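Read-outs throughout are calculated quantities, based only on the coordinates presented, and are distinct from any laboratory measurement. As the structure is a computational prediction, the values presented were derived from the model and not from experiment. No Cβ is skipped: glycine too gets one built from the backbone with ideal geometry, and neighbour counts run over all protein chains shown.
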2 protein chains.
Amino acid sequence: MLLCDIGNTSYHFNNSTQDFKHSVKDFNPASITEKVFFISVNVQSKQKLQILDNWIDLEQFIDRSKYYETMGIDRIVALASVTNAVVIDAGSAITVDVVKKGSFEGGFIYPGMRAMQECYKNISSALDYSFNFELDLGKMAKNSQDAISYGYLKPFVDEIKSKNLPIILTGGDASEFKKLFPDAILDQELIFNGMKKIITKAGLC
Amino acid sequence: MLLCDIGNTSYHFNNSTQDFKHSVKDFNPASITEKVFFISVNVQSKQKLQILDNWIDLEQFIDRSKYYETMGIDRIVALASVTNAVVIDAGSAITVDVVKKGSFEGGFIYPGMRAMQECYKNISSALDYSFNFELDLGKMAKNSQDAISYGYLKPFVDEIKSKNLPIILTGGDASEFKKLFPDAILDQELIFNGMKKIITKAGLC
């Protein structure tokens, strides 16, 4: 079974043996002839796929009622197999969602590490540093790199910890954030497992 | 006594009767003939002023040893009259500095509200919202505007409150942030009071 999670930059494919990505810019979805179950936060890709019969949009089988109207379909699907956790999807944006005893409590959106680094740089070239994920967050900063690293990471880490729930990390930057949450579960299959659950529930295969 | 705090965008003047700003782009400092005591984080303006005898750079009279090497001179001066507080200077960047019993404990730098709004917008047009400063931070978000407002504001507010110190707010966006810290002292003269203290200590007038 071929699955695909389409974002703003890539088509992320997964089947029982492989996990691979193609750039949204270059990839021609008509080049795939087998059946693909997909979700897409990318409106343009979604429209393109409407004319391809072998691409099945899972969005139509998802119960949105538990979530809010403008919530990205990828966030909803990632939560499909979660009953009690804070889910951090660390990509170009970081989405944080809280599920407690099976019920969606809400979430928030924080800038991803590249976007935030760009943000500091745009304020002033004096703030053009990469983040130090090994910073001791127990101490306030006494140099510029630590001052922006602390600003980006410390309040975020405390906010997540304040939920007192198991933490699940997914997304392209998950391994960086794992340094801040050593007890977190790193699960890069979260969204695909959610898709499989939806496929089974809808009796699609 | 005419004082001037020069930033990346403006010359901010203050004397006993007036407070006014001129854009860095258009303003000609040679148009002022009286004595001006200034500080500048703007390297270009600072260089320009070296040839004007009536512009006195206060940086030479400041003891930097208590602070870190790359710390902006405006942050150091703002702390000159503070003995026990968290100082939040909310401008294009938000600098947060902690002074406890007269000793500088360190600080951090967080993006200002316009920079952060731009940051979310650059990630995705779906995140192009202004922040809701009246959001109930006790609840996680269930719509996109609240999701970015919560992400920007909630971890920051909790970080500040965790210091358990009086809060002093200054800078162009201080009044927006006052909504989040109702007990904070709003002090737009903080930097000028710091400058006066340095002038007195150095016996400059």
With label points set 7 Å from each Cα along the Cα-to-Cβ direction at residue A:19 and residue B:176, the distance between them in nm comes to 3.9
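Normalising by the residue count of the range B:83-189, find the relative contact order in percent from Cα pairs under 8 Å and 6+ residues apart.
Result for the range B:83-189 is 27 percent.
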Around residue B:172: net Lys/Arg minus Asp/Glu count, Cβ-Cβ under 13 Å
-3
Looking at B:3, B:29, B:56, which one has the Cα that reaches farthest to the positive end of the dipole of the range B:2-61 (charges on Cβ: Lys, Arg +1; Asp, Glu -1)?
B:29
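So what's the back-of-envelope 222 nm ellipticity for the protein assembly as shown, counting only DSSP H runs of four-plus at -39500 (n - 2.57) apiece and dividing by all residues, rounded to 500?
Numbers: 12 runs with 118 residues, N = 410.
Roughly -8500 deg cm²/dmol at 222 nm, from the helical runs in the protein assembly as shown.
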Under 5 Å between amide hydrogens, which residues at least 5 positions from residue A:36 or on another chain qualify, with H placed 1.01 Å from N in the peptide plane?
A:55, A:56
Once whole DSSP H runs in chain B are found, which of them have Cα atoms spread over 15 Å or more along the helix axis and a mean Kyte-Doolittle score of at least 0.0?
B:190-201
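Which whole number gives the average count of other chain Cβ atoms within 10 Å of the Cβ atoms across peptide A:59-72? Don't skip to the answer; put the middle values down first.
Values: counts 0, 0, 0, 0, 0, 0, 0, 0, 1, 6, 3, 7, 5, 4.
What the average comes to for A:59-72 is 2.
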Per residue of B:113-119, count partner chain C-beta atoms within 10 Å of its C-beta, then hand back the mean as an integer.
4
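Can you check what the net charge comes to around residue A:129, using other residues whose Cβ is under 10 Å from the Cβ of residue A:129 (Lys, Arg +1; Asp, Glu -1)? Walk me through the numbers before you get to the answer.
Values: positive: A:121; negative: A:128, A:146.
That works out to -1.
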Compactness ratio of the range B:2-61: Cα Rg over 2.2 N^0.38 Å, N = residue count?
1.00
Return the FRET efficiency for the residue pair residue A:130, residue B:41: r is the Cβ-Cβ distance, R0 is 25 Å, and the value is rounded to the nearest 0.05.
0.65
Which one, A:119, A:39, A:82, projects farthest toward the positive side of the charge dipole computed for chain A from Cβ point charges (K/R +1, D/E -1)?
A:82
Options B:169, B:156, B:185, ranked by Cα towards positive dipole end of the range B:83-189, top entry (Cβ charges):
B:156
Using unit Cβ charges (K, R positive; D, E negative) and no other charged atoms, how large, in debye to the nearest 20, is the dipole of the protein assembly as shown about its Cα centre?
400
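Hey, got the average number of other protein chain Cβ atoms within 10 angstrom for residues in A:143-154?
Details: counts 5, 6, 1, 5, 13, 5, 2, 7, 11, 5, 2, 6.
Average neighbour count from other chains, rounded to a whole number: 6.
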From the label point of residue A:205, set 7 Å from Cα along Cα→Cβ, how far away are the matching label points in the other copies, in nm, ordered shortest to longest?
7.9
What cysteines in chain A have no other cysteine with a beta carbon less than 4.7 Å from their beta carbon?
A:4, A:205
Filter on B:21/B:179; A:196/B:154; A:142/B:25; A:48/B:139; A:66/A:161; A:121/B:139 - keep pairs with C-alpha separation over 29 Å:
A:196/B:154; A:142/B:25; A:48/B:139; A:121/B:139
Above 32 Å lies some portion of the pair distances; for chain B, what is it as a whole percent of all C-alpha pairs?
23
Relative to the Cα centre, what is the charge dipole magnitude of the range B:1-89, using +1 at the beta carbon of each Lys and Arg, -1 at the beta carbon of each Asp and Glu, and rounding to the nearest 20 debye?
100
What distance in nm separates the two pseudo spin-label positions at residue A:26 and residue A:121, each 7 Å out from Cα along the beta-carbon direction?
2.3
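If I take R0 = 56 Å and measure r between the Cβ atoms of residue A:162 and residue B:50 in this structure, what FRET efficiency does the formula 1/(1 + (r/R0)^6) give, to the nearest 0.05? Working shown, then result.
Details: r = 50 Å, r/R0 = 0.89.
After rounding to 0.05, the efficiency reads 0.65.
Mind checking the dipole of the range B:103-177: about its Cα centre, +1 per Lys or Arg Cβ, -1 per Asp or Glu Cβ, Debye to the nearest 20?
Numbers: 7 positive and 10 negative charges, 28 e Å.
The calculated dipole for the range B:103-177 is roughly 140 debye.
Can you give the local net charge around residue B:107? Use residues other than it whose beta-carbon is closer than 13 angstrom to its beta-carbon, Lys and Arg +1, Asp and Glu -1. Could you put the intermediate results ahead of the total?
Working: positive: A:139, A:142, A:154, B:66, B:75, B:100, B:163; negative: A:146, B:74, B:89, B:97, B:105, B:159.
So the environment of residue B:107 carries a net charge of +1.
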Taking a temperature of 4 °C and a viscosity of 1.567 mPa s, what whole-number D in µm²/s does Stokes-Einstein yield for the range A:83-188 with Rh from Kirkwood over alpha carbon pairs?
90
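Where does the range B:126-176 land on Rg/Rh, using Cα atoms and the Kirkwood Rh? Spell out each step's value before the answer.
Numbers: Rg = 12.3 Å, Rh = 12.2 Å.
Using Cα coordinates only, the ratio equals 1.01.
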Distances in nm between the label point of residue A:83 (7 Å along Cα→Cβ) and its equivalents in the other copies, shortest first, are 5.8
